[in-house]
C-alpha cells in the first residue's frame, strides 16, 4: 500500500514503522473484519459437537471412536461417582478441544517466527490456506477419522489470532496499544455470541445424509475463503526490514516481565478453562439445564463481555483491566461453589463476562509492550503458546477434581488458585510506560 509508512520512527518505538492515521485505520478495519470472519467460522461448530459426535458414534465398525470412548469411560469411572452417560460426548468434545489447544501451543511459536522472517501478511495467508484445508476436510468428513484429521490440521494451522495481535502491535504506538488490541477482544465476543447460534441454525439444513453437517461446514468454508480474499487484496505488509543500526538501538526484551506474563497467562487459562468446561456438568446437576439453556447463559456472558470490551477495556490501562479481570474471576469461582439458584448463576456469569472482557486482552497488550521488536511474532507466539498449554490441561485437571471431590471443593479450589495468582501477579502487572516514569522518579530522588 503506497505511503503506508514514513521514515520517522517516533511514537511506535525505535525502528518501528510509523503509519499515517488513515493507513493505520484501514489496516485495523481490515484486521477486525477478517478476524471476525475467522472466529465466526471457528465458533460455528461449537454447539454441534454433541450431535456431531453422536452421529459418528452411531456408525458401524468405528474402531477409532469406540477405542476413544472406552478410554474416556474408564477415566470417568475411576472416580467412583455416578456420572451421567449424557456427558460421554461432552468428554470427547473436551478431549478434542484439548488436542486442538495442544497443537496450537506447538505451532504458535513456529508461525510467529515465520512471520518475523517472511512477513506477517505471508504467514497469515499460509495460515489461512491451512484453515481452508481443515474445513474442506470437514465438508467431506463422512467418517470420524476424516473429521479428526480436519481438527489436527486446523490446530496446527490456526495462527490468525496471534498474527492479528502482531500486526496490530506493528501499527500501534505504546500509548494506543491497549485501545488497539481491545478490537481483538471485541471480535471474539461478537463471534462467540453469534457464531454458535448461526451454527445451530445451519445444522438444521441437511444437504447430505452421509454428512448431515455439510451445510454448516460449507458456510464455514465460505467465510474462510472470503476472509482470505479480503486479506489478500486489502492487507499490506506491516513488518519492516530494519538496518543493523536500528536492531542494535532497539528496545531490549523485558525477559522478567514477559516471563511473569507467560506464567500468568498459562495459570489463568489452566484454571479458567477448567471452569468453562465443567459449567455444563454443574448446570445439569443443579438445574437439569439443556444445551439451549446453557447456550443462553453463554450468550449472556458474550454479550456483556462485548459491551465491556467496546467501552471499559479499550479505555483503561491494561494493568488495571487485567487486575479487575483476575479479581472478578476469583469472585465467580466462589459464587459458583455456592450457587443454589439461577439468579446466583447469572450473577456469577456477569463476573465471568468481566473476566472474559478483561484478562486475556490486557495480558496480550502488556506482553506486546515487552517483546523485542525484531522477534515480535515469535515472542507473541510463545506468549500465546503458554496460554494454550493451560487451556489444554485445565479441563482434565479441573473435571478430575470436580468428580473426585465434588462441586464445592472444585470451585473453591479454583477460587483460591485464582486469588493466589492475582496476588502473585499483582505487583508485576504494570504498564511499561508507567514503570519507566517510576524509575525516573526514583533516580531523581
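Nothing in this text is a laboratory measurement; each read-out follows from the coordinates by a stated rule. Because the structure is predicted, anything quoted here is derived from the model rather than measured. Backbone-built Cβ (ideal geometry, glycine too); neighbour counts: all protein chains shown.
For the chain, what does the relative contact order come out to in percent, with C-alpha contacts under 8 Å and a separation of six or more? Please list the in-between numbers first.
Values: 677 pairs, mean separation 111.6, N = 445.
Relative CO of the chain lands at 25 percent.
With the cut-off at 1.5 for a/c, could you classify the stretch 50-208 from its C-alpha gyration tensor as rounded, prolate or oblate? Working shown, then result.
On the way: a/c = 2.00, a/b = 1.88, b/c = 1.06.
In terms of gyration-tensor shape, prolate.
If the chain between residue 78 and residue 106 were fully stretched, how many nm would it gain, using 0.36 nm times the residue separation less the Cα-Cα distance?
Values: separation 28, 0.36 × 28 = 10.08 nm, distance 3.01 nm.
My answer for the length gained is 7.1 nm.
Within 10 Å, count the other beta carbons around each residue, average over each peptide in 401-411, 263-273, and list them highest first.
Numbers: 401-411: 18.4, 263-273: 23.7.
Descending mean neighbour count gives 263-273, 401-411.
Normalising by the residue count of the stretch 123-162, find the relative contact order in percent from Cα pairs under 8 Å and 6+ residues apart. Please list the in-between numbers first.
Values: 38 pairs, mean separation 20.6, N = 40.
Over the stretch 123-162, the number comes to 52 percent.
Under 8 Å for C-alpha pairs, at least 6 residues apart: give me the relative contact order for the stretch 279-438, rounded to a whole percent.
Working: 138 pairs, mean separation 49.1, N = 160.
Here the relative contact order equals 31 percent.
Mind ranking 349-360, 205-216 by how tightly packed they are, going by the mean number of other C-beta atoms within 10 angstrom, highest first?
Details: 349-360: 24.8, 205-216: 16.7.
Ranked by mean Cβ neighbours within 10 Å, highest first: 349-360, 205-216.
Treating the angle as unsigned and between 0 and 90°, give the value, to the nearest 10°, between the Cα long axis of helix 160-171 and the longest Cα principal axis of the chain.
So the inclination is approximately 20 degrees.
From the square roots a ≥ b ≥ c of the eigenvalues of the alpha-carbon gyration tensor of the stretch 179-333, which class results: rounded (a/c under 1.5), prolate (a/b over b/c), or oblate? Present the calculation step by step, with values, prior to reporting the outcome.
Working: a/c = 2.39, a/b = 1.29, b/c = 1.85.
Since a/c reaches 1.5 but b/c is at least a/b, the shape of the stretch 179-333 is classed as oblate.
Per-residue counts of other Cβ atoms within 10 Å, averaged by peptide: what ranking do you get for 158-171, 104-117, highest first? Walk me through the numbers on the way to the answer.
Values: 158-171: 26.1, 104-117: 21.6.
Output ranking for 158-171, 104-117: 158-171, 104-117.
So how far, in whole Å, is the C-alpha centre of the stretch 94-169 from the one of the stretch 261-328?
Rounded to whole Å, the Cα centres lie 24 Å apart.
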